[in-house]
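The values are calculated or read from the model by the stated rules, or taken from the named source; none is laboratory data. Note that the coordinates shown come from a computational prediction; the quantities given were computed from them, not determined experimentally. Keep in mind that these areas ignore ligands, DNA and RNA; they rest on the heavy atoms of the full protein, side chains included. Shrake-Rupley method; radii C 1.70, N 1.55, O 1.52, S 1.80 Å.
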Amino acid sequence: MGVLIVSSANAAHHLKQNQKNLQGSLTRLSSGKRINGGADDPGGLAVAMKLNASIKRLAGSENNVQNTQSFLEVQDGLLKTAGDIVTRISELKGLHSDDPLKSTANQTSYNTELTDLVAQLDDMKTATFNGESLFDGDAITLNYDEDSDADLTIAVSEFATAVSGLDGATDFAAVTVDTIDTALQNVANLRAQNGSGQNRLQFTAESLSLQKNNMIAALDRIEGVDLAEETSNLAKHSILTQASAAMVAQANSQNDIAMMLLS
């Protein structure tokens, strides 16, 4: 009788263990992770947590770089418009000054357009991006690494100075060709500065993306489940669980028969 009871207990023990293993396989396959808790791999979990924190930090840095890229793209668009405006002023200067057939009324029209164009340039000086001035001259500093030496400083154009020679102009008689050419060159220089900043940000964005992808791959190697292996384990544990359940039922049946014989 004692042997039958022990056999039943052993079968129940194996059933419980196989059910635990089966549940473990189901958890790993459903989550896609080999490590779902500290008990699965304490050392691996610690490394995975550090890697995950680094990945989140890099993702935040990527977002900051992308926002700055957007800032510079908007700024460049306005600088292009400013260049077009100054070019138009240059064209009007020629029309106003070089054609002796132009009447006073014609020249007044040119001066009116000059006034409007200068007003547009003046409005651009206070343009903002998400509440931040696009042309205040204050550099943008990005820290995209734990090392403070890795700070990236992006110059911000001081547009007001670039076109200051045209400030308040209302009459082409008071605007010289040199003043217009200087303003146009200044705007061109600011666009070149802007382009340089965009290039630096692009290289930085590519570097951050590469680092993040490498870390994601490393994290997956640590905590990611091997689907082929775990699917095989699932099939094995499922079969063993069913077999154990059958053995528990068989052992209990034998105990019942023994009790009947003894009664």
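General remarks:
- Residue-span extension gain [Glu206 to Asp151] - 0.36 nm each, minus C-alpha spacing: 18.2 nm
- Value of Rg to Rh for the stretch 5-134 (Rh from inverse mean 1/r over Cα pairs, i.e. Kirkwood): 1.61
- The eigenvalues of the Cα gyration tensor, multiplied by 5 and square-rooted, give the stretch 58-142 an equivalent ellipsoid with semi-axes of 40, 11, 8 Å from largest to smallest.
- Hz values of 3J(HN,Hα) by residue in the stretch 49-62 - Karplus curve (6.51, -1.76, 1.60), Gly and Pro given as x: 5, 5, 5, 5, 5, 5, 4, 5, 5, 5, 4, x, 5, 4
- Derived from the Cα gyration tensor, the three semi-axes of the equivalent ellipsoid of the chain are 82, 17, 12 Å, largest first.
- Mean projection area, nm², convex hull over Cα of the stretch 140-243: 12.6 nm²
- Inter-part distance where the stretch 148-181 and the stretch 92-131 are each reduced to a Cα centre, Å: 16 Å
- Carbon-plus-sulfur accessible fraction, the chain (probe radius 1.4 Å, protein heavy atoms only): 53%.
- Size-normalised alpha-carbon gyration radius of the stretch 102-174, reference 2.2 N^0.38 Å: 1.70
- Column: log10 I(q)/I(0), Debye, Cα scatterers of the stretch 153-211, q = 0.18, 0.22, 0.27, 0.30 Å⁻¹: -0.69, -0.85, -1.04, -1.15
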